[in-house]
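Peer 1: I am attaching a structure below and will ask some questions about it afterwards.
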Amino acid sequence: MVLQSKIVNLFRALDYPEVEGSLDGFCAGYAAKFLEACVLGKDERDRFDAYSARIINTDEAVLVAAAKAVKEKVKFLAASQQPIVLDEEETELLEILAFFDSLMLYQNPKLYAEVFNTNELTHDEVTKLTYWAGSDAVKESGGLSCSYTDAKILTKAELTAYVKELENIITVLNRPIDEIFGFTFDSENHRIAAVYSPKIGWEIMDVENDRPISTMDPSVVADSIEESLVEHRDQGYIAFEIRLIMKGNSEILGQVTSVFDTYKQKNLGLITAEIASRSCDGYKLIHYAAYEGEQDIIRALSQYHPDYDNDQDAFGFAPIHAAVQSGHKHIISQLAELGASLETEASNGMTAAKLAVFRGRVDLIDELAKYSVNWDSHNDTSTCYYARFTAIYLAALRGHEKAVAQLIKYGADSTIAWMATAQELKKLGATRSQEVKDRIDVFQRGQPNPDAIAITPYNIAVIMGHQEVINILQPKVTISSSHSRLFLASEPDMQESEEKENVSLNP
């Protein structure tokens, strides 16, 4: 795991923004960069291998210092309108910096909403991400295109047979001899990449390993997938989502899409009650289908009457939470039509509405509004953290002003307070900036009961310094709840803190 550790350490040292989700191992971003390099051919693959080797073999402090120096040199030359002339060493360092920029765009697109002109992308949408995150060479080849997806929960023997089937399908395609087929295999918290060619066999790349595994044996592929994705290997099943990735301008892309779609539709008929009941690390096929937007699989599973509300995965999420977490509007509506409750609470108290707000997804709020969800659901005495907040309170806490405005449009009550203790309020500020801590102190002064402090959405927006939210809620500060108390900022011109809000899902 030297490679993964080095990437994380360099990420920090190169001053990238460390926010929620940034240090998830970079498996999604690294898998995308590996596939980019492989499908483009030998030159790009050699460059990728050189980046990885240098990251592994160079002292971190030395690499960071050299990279920052060449970055400053380029900025100085550009500012002074001088020709940017770099030697081979400097060019390689600049390419490593570009590699990290691309890695971040693939891994955390939500951090770069302005670049993508949307905050609705996830790292699963490789095709859409390629335009900004991909190298110039991959853009010239039409980007990366996903031509097949499927969700599976298989035994080891079934997975080996499945890999053989993939090989057989590819082998009989009318394809160029040097065509490379890329794959991603995902669990709920990890992703690995693989490439296949009938000529060279398989290569499996896991960022937790320092180099890819090469093999012609499908059983070795199955071993590698299980080892990377399954936490408890004695349970007998391997659950994953698979994607087939190719060059966007591949001359056989249409043929591949058609052939694999036919194959997938045939396999839908093979889903049985036994398959529907299988569990791997707490996940069933219904969870994977919801996470990955697999509408046809959910339809096939519906005949076995899954418990949509009480069947929770390892995160304590029901299928509706999985759909919201991944941003799949069509799955939200499908599950609602099948009878899933939109008010079901996850183990941390999240409802579908609160999870949509947590992600700042106005489009999901609009979708949920079609089914008359309860925006004001909360329980002051619950031991589940998010059960105690309303959706609009959470939106104000997170600084999602568009979500706040949309919730008000749909009738959410912006006057309902979170009843906190002084200790909870102190905990809220523990990891925030000094400005936030100071505003918490101001708010607490004169509170009549330290064990029942009423904090409205407006209050928390002021405390956190979310000026756009304050502007939206300012006209709505009349408190209807008997236990709520208005807090006005002591400084009328208080500006929004530069620190971004980051609330853990498991505080």
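The values are calculated or read from the model by the stated rules, or taken from the named source; none is laboratory data. Here the structure is a predicted model, which is why all the values come from computation and not from measurement. Glycine gets a Cβ as well: all are built from the backbone with ideal geometry, and neighbour counts include every protein chain shown. In case anyone asks, the SASA skips ligands and DNA or RNA and just uses the protein heavy atoms, side chains included. Shrake-Rupley method; radii C 1.70, N 1.55, O 1.52, S 1.80 Å.
Peer 1: For residues in the range 311-326 being of a type in the set (G, A, S) and open to solvent by less than 30 Å² (accessible area, probe 1.4 Å), which is nearest to the chain's Cα centre (by Cα)?
Peer 2: That would be S326.
Peer 1: Of (1) surrounded by fewer than 19 Cβ atoms within 10 Å (Cβ to Cβ); (2) of a type in the set (D, E); (3) touching a residue at least 24 places away in the same chain (Cβ under 8 Å), E337 satisfies all except one. Which?
Peer 2: Every listed condition holds for E337 apart from (3).
Peer 1: Next question, about the same structure. Scan (1) over 27 Å from K264 (Cβ atoms); (2) open to solvent by less than 10 Å² (accessible area, probe 1.4 Å); (3) touching a Lys or Arg at 6+ places or on another chain (Cβ under 9 Å) for the single condition A356 breaks and write down its number.
Peer 2: The one condition A356 does not meet is (3).
Peer 1: For the range 311-335, which residues satisfy the criterion of being within 19 Å of K284 (Cβ to Cβ) and either small (G, A, S) or assigned to a loop (DSSP other than H, G, I, E, B) (or both)?
Peer 2: If the condition is that a residue be within 19 Å of K284 (Cβ to Cβ) and either small (G, A, S) or assigned to a loop (DSSP other than H, G, I, E, B) (or both), then D311, Q312, D313, A314, F315, G316, F317, A318, A322, A323, S326, H328 are the ones that fit.
Peer 1: Looking at the range 64-89, I want the residues that are farther than 24 Å from V8 by Cβ and have a partner that is surrounded by 10 or more Cβ atoms within 10 Å (Cβ to Cβ) and basic (K, R) with Cβ atoms under 9 Å, at least 6 apart or on another chain. Which pairs are those?
Peer 2: I84/K73; L86/K73
Peer 1: So, in the range 428-479, how many residues would count as being open to solvent by 30 Å² or more (accessible area, probe 1.4 Å) and either without any contact (Cβ under 8 Å) to a residue 12 or more places away in the chain or not basic (K, R) (or both)?
Peer 2: Summing the residues that are open to solvent by 30 Å² or more (accessible area, probe 1.4 Å) and either without any contact (Cβ under 8 Å) to a residue 12 or more places away in the chain or not basic (K, R) (or both) in the range 428-479 gives 26.
Peer 1: Quick one: in the range 299-310, which of the residues that are out of contact with any helix residue (DSSP H, G or I) (no Cβ under 7 Å at 6 or more places or on another chain) and outside any helix (DSSP H, G or I) is surrounded by the most Cβ atoms within 10 Å (Cβ to Cβ)?
Peer 2: Only one residue tops the list, namely D309.
Peer 1: To continue, here is another question. What about A28, is it of a type in the set (A, V, I, L, M), modelled with pLDDT under 90, open to solvent by less than 10 Å² (accessible area, probe 1.4 Å) and touching a helix residue (DSSP H, G or I) at 6+ places or on another chain (Cβ under 8 Å)?
Peer 2: yes
Peer 1: If you check V230 against the conditions, is it over 24 Å from T127 (Cα atoms) and in contact with a Cys (Cβ under 8 Å, 6 or more places away or on another chain)?
Peer 2: yes
Peer 1: While we're here: Can you tell me how many residues within the range 376-415 are assigned to a helix (DSSP H, G or I), without any contact (Cβ under 8 Å) to a residue 40 or more places away in the chain and surrounded by fewer than 18 Cβ atoms within 10 Å (Cβ to Cβ)?
Peer 2: Going through the range 376-415 one residue at a time, the tally reaches 1.
Condition check ((1) at pLDDT below 95; (2) of a type outside the set (A, V, I, L, M)) across all residues:
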residue: Y291; (1), (2): yes, yes
residue: Q295; (1), (2): no, yes
residue: R299; (1), (2): no, yes
residue: D309; (1), (2): yes, yes
residue: D313; (1), (2): yes, yes
residue: H328; (1), (2): yes, yes
residue: I332; (1), (2): no, no
residue: A352; (1), (2): no, no
residue: D380; (1), (2): yes, yes
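Peer 1: Here is a list: A403, A412. Which entry is in contact with a Gly (Cβ under 8 Å, 6 or more places away or on another chain) and modelled with pLDDT of 95 or more?
Peer 2: Matching residue, one of A403, A412: A403.
Peer 1: Here's something else I'd like to know. Considering only residues of the range 144-157 that are within 17 Å of D281 (Cβ to Cβ) and open to solvent by 10 Å² or more (accessible area, probe 1.4 Å), which is nearest to the chain's Cα centre (by Cα)?
Peer 2: K152
Peer 1: Next question. I want to confirm something. Restricting to the range 134-143 and keeping residues that are more than 24 Å from the chain's Cα centre (by Cα) and either hydrophobic (A, V, I, L, M, F, W, C) or buried (at least 17 other Cβ atoms within 10 Å of the Cβ) (or both), which single residue is nearest to I286 (Cα to Cα)?
Peer 2: Among residues in the range 134-143 that are more than 24 Å from the chain's Cα centre (by Cα) and either hydrophobic (A, V, I, L, M, F, W, C) or buried (at least 17 other Cβ atoms within 10 Å of the Cβ) (or both), the one nearest to I286 (Cα to Cα) is S141.
Peer 1: Quick one: in the range 83-133, which of the residues that are in contact with a Gly (Cβ under 7 Å, 6 or more places away or on another chain) and surrounded by fewer than 20 Cβ atoms within 10 Å (Cβ to Cβ) is nearest to G248 (Cα to Cα)?
Peer 2: Per the criteria, the residue is T127.
Peer 1: Right, next: Look through the range 416-432, keep the residues that are in a helix (DSSP H, G or I) and of a type outside the set (G, A, S), and return whichever of them is farthest from the chain's Cα centre (by Cα).
Peer 2: Among residues in the range 416-432 that are in a helix (DSSP H, G or I) and of a type outside the set (G, A, S), the one farthest from the chain's Cα centre (by Cα) is Q423.
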